[in-house]
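Everything on this sheet refers to the single structure shown next.
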Protein chains: 2
Amino acid sequence: MSKAANTRLTILHKAFELIYTKGYQTTSIDEIIATTQVTKGAFYYHFKTKDEMGVAIIEEILKPTMQEHFIKPTEASQNPIEDFYHMISYLLLEDPFLQVKYGCPVGNLTQEMTPWNTKFSEALAELVDLWKATIINSIEKGKESGLIRKDVVGEQVAFFILSGYWGIRNFGKLQNDNSSYLVYLKELNVYLNGLK
Amino acid sequence: MSKAANTRLTILHKAFELIYTKGYQTTSIDEIIATTQVTKGAFYYHFKTKDEMGVAIIEEILKPTMQEHFIKPTEASQNPIEDFYHMISYLLLEDPFLQVKYGCPVGNLTQEMTPWNTKFSEALAELVDLWKATIINSIEKGKESGLIRKDVVGEQVAFFILSGYWGIRNFGKLQNDNSSYLVYLKELNVYLNGLK
DNA sequence: GTTATTTCATACTAATTAGTATTTTTTATG
DNA sequence: CATAAAAAATACTAATTAGTATGAAATAAC
């Protein structure tokens, strides 16, 4: 990787960390360049504006991460119900990067940047649609293989699962402990088994 | 109401509107006093800091509103399952103040202010706990009256319902139309009927 | 190795921010 | 009505903000 490409990626990664923990609006460019040891000239060489950097974070950091961690595993899944549970459970309790008190990065950005920046909305919507489509697809496969009832509506379930995930992340932030996660997961398990 | 109390309430109401539509951090005091036609001196006479005003909004605007619109109706409920559905459906589709593109005021504030301001967290947590407790209570009553299965766990269901609500609000913001609400509500209906 | 282009460094600006200091007006109390 | 206290108006500050102008160093092309 070229040196220039490296500074660009350094900015994106560090900025993402700051934004995840502090929020987008309250993360200043001065703070980003201070923690990255990159000068302002370098920053504005790589990104025309702060928002352009924000969108780049979504497309170049969040999207690939999601592809790797959610999409691929779900596509390979043979047992949707078990795997949905494990996916959510992993994200809530085990993922080494995500923290209870900081919530879901995608959810945070959606909350904060929509509807004021359409570029953000579009980039985020693309990401979420990808995840949703994968879940729906997985449900259809489950229906074919007989693991899921035929009258289950994939899109409805996808929205239900993802909404629950985003929402419980908010509870986690509010209480700053994972006790709400544990209670939530139990009911998620009940719900998912109802799809059989 | 005294004139002073009136200006205080005017500030709280207008500030709440701005914060709901724009977010807390990006709503400046200058903007608040401009739209309220209240001077800075008056503002800082009533509130020591911006954050103190923020907490006052939660306690003096959001809390009473919630008491009136969610708590009371739920307490009076005879049929929890139907009423849960109607509560969420009303909030998503009919409430005249709430807008799809701006999400849920409580969810927004939780997302934005937690975990950086404990005063906000405490005030918001109190509010949410109240709602949760009401739902749990309603479920227990439903179990007694035979409308809800005995093996249903109230706390789990409460978290599940509220999480879903917060989460789908995020989808609404992202897409800026209520199509996701409609899909979500169908599955909510399925889920709630599974509690019978 | 010279030149051109990419990449980065430094110093700046204009606007906005929350909050303060001080004075003036309004309201309540005797 | 006189006085005290409450309420509000005005003018300010110091810090922070995103972004710019301009030049220097590094890298690539020939």
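The values are calculated or read from the model by the stated rules, or taken from the named source; none is laboratory data. As the structure is a prediction and not an experimental result, all values here were calculated from the model. Neighbour counts are summed over all protein chains in view; Cβ atoms, including those assigned to glycine, are modelled from backbone coordinates with ideal geometry. In case anyone asks, the SASA skips ligands and DNA or RNA and just uses the protein heavy atoms, side chains included. Shrake-Rupley method; radii C 1.70, N 1.55, O 1.52, S 1.80 Å.
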Multiplying the sequence separation of B:GLU75 and B:THR35 by 0.36 nm and subtracting their Cα-Cα distance, what value in nm do you get? 10.7 nm
Using 1/(1 + (r/R0)^6) with R0 = 22 angstrom and r between the beta carbons of A:SER28 and A:GLU60, what's the FRET efficiency to the nearest 0.05? 0.60
Report, in degrees rounded to the nearest 10, the 0 to 90 angle that the Cα long axis of helix B:154-175 makes with the longest principal axis of chain B. 60 degrees
Calculate, for chain B, the solvent-accessible area per residue in square angstrom, rolling a 1.4 angstrom probe over the heavy atoms of the protein chains. 45 Å²
With each pseudo-label sitting 7 Å past Cα toward Cβ, what's the A:GLN99-B:SER2 distance in nm, one decimal? 4.4 nm
Ranked output for segments A:29-36, A:131-138 by mean other Cβ atoms within 10 Å, highest leading, reads A:131-138, A:29-36
Simple spin-label estimate for B:HIS13/A:ALA133, 7 Å along Cα→Cβ, in nm, reads 4.7 nm
Along Cα→Cβ at 7 Å, what distances in nm separate the B:ALA4 label point from those on the other copies, shortest first? 6.4
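Using only alpha carbon pairs under 8 Å that are at least six residues apart, calculate the relative contact order of segment A:1-154 and give it in whole percent.
Working: 93 pairs, mean separation 37.3, N = 154.
Relative contact order for segment A:1-154 comes out at 24 percent.
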Segment B:128-190 versus segment A:1-27: alpha-carbon centroid distance in Å: 37 Å
Ignoring any ligand, DNA or RNA, what whole percent of the accessible area of segment B:49-193 comes from carbon and sulfur when the probe is 1.4 angstrom? 52 percent
Would you calculate the volume per residue, in Å³, of the smallest convex hull containing every Cα atom of segment A:81-129? 85 Å³
Fraction in percent of alpha-carbon pairs per bin - 5 Å, segment A:78-160: 3, 13, 18, 19, 18, 14, 9, 4, 1
To check my understanding: the extent here is largest minus smallest coordinate of the Cα atoms along each principal axis. What are those three numbers for segment B:1-47, in Å, largest first? 30, 19, 16
More than 41 Å apart: what percent of Cα pairs in the protein assembly as shown qualify? 16 percent
Against the longest principal axis of chain B, how steep is helix B:179-193, in degrees 0 to 90 to the nearest 10, with axes from Cα atoms? 40 degrees
Under the convention of a label 7 Å out along Cα→Cβ, give the distances in nm from A:SER145 to the same position in every other copy, shortest first. 4.3
Those residues of segment A:171-196 for which accessible area with every protein chain present is at least 20 Å² below the isolated value (1.4 Å probe): A:PHE171, A:LYS173, A:LEU174, A:GLN175, A:VAL183, A:TYR184, A:LYS186, A:GLU187, A:TYR191
With Rg from the Cα atoms and Rh as the Kirkwood inverse mean 1/r over Cα pairs, chain A has an Rg/Rh of 1.02
Roughly how many Å² of A:PHE47 are accessible to a 1.4 Å probe, to the nearest 10? 0 Å²
Accessible area that becomes buried as A packs against B, both chains, 1.4 Å probe, Å², nearest 100: 4000 Å²
Label point 7 Å beyond Cα along the C-beta direction, distances from A:PRO96 to other copies (nm, shortest first): 5.5
Value of relative contact order over segment B:1-47, rounded to a whole percent, pairs C-alpha under 8 Å and six or more apart: 41 percent
